[in-house]
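Colleague: Let me give you the structure first, and then I'll get to my questions.
Read-outs throughout are calculated quantities, based only on the coordinates presented, and are distinct from any laboratory measurement. Not measured: the values here are computed from a predicted model. As a convention, Cβ positions derive from the backbone with ideal geometry for all residues, glycine included, and neighbour counts pool all protein chains shown.
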């Protein structure tokens, strides 16, 4: 079956998580199937870049069952760095909420936060992480 996938990063006030979408594919054990449906994207009362609210229809897709952890995202940063070949920043390591920092020249999840959902990856970081894991 042909796989077409995209990565999405959702950022909330204190945390972020990634999901890997695989359209029209059979579910793998570590992924869950999401049925086709519609949702409202945007916010008529929010910032200009969130307007207007509009309905989006999505085909069925799969998503990773668990969010990407700080430990796994640190592995990615150690493999590829904090910027991609297009010069896009992959991680906001200088943000106060960041839980991955450099220690002795290597990116490491802060003690006690290794298995928490990754926080402060950028949209480009989420996309590139998914590609690096072979999920695009």
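Colleague: Of 88, 120, how do they rank once you tally other Cβ atoms within 10 Å and put the fewest first?
Modeller: 88, 120
Colleague: Going by how many other Cβ atoms sit within 10 Å of their own, how do 76, 39 line up, fewest first?
Modeller: Sorted ascending by nearby Cβ count, the order is 39, 76.
Colleague: Kindly put 64, 104, 97 in sequence by how many other C-beta atoms sit within 10 Å of each C-beta, fewest to most.
Modeller: With the fewest neighbours first, 64, 104, 97 line up as 104, 97, 64.
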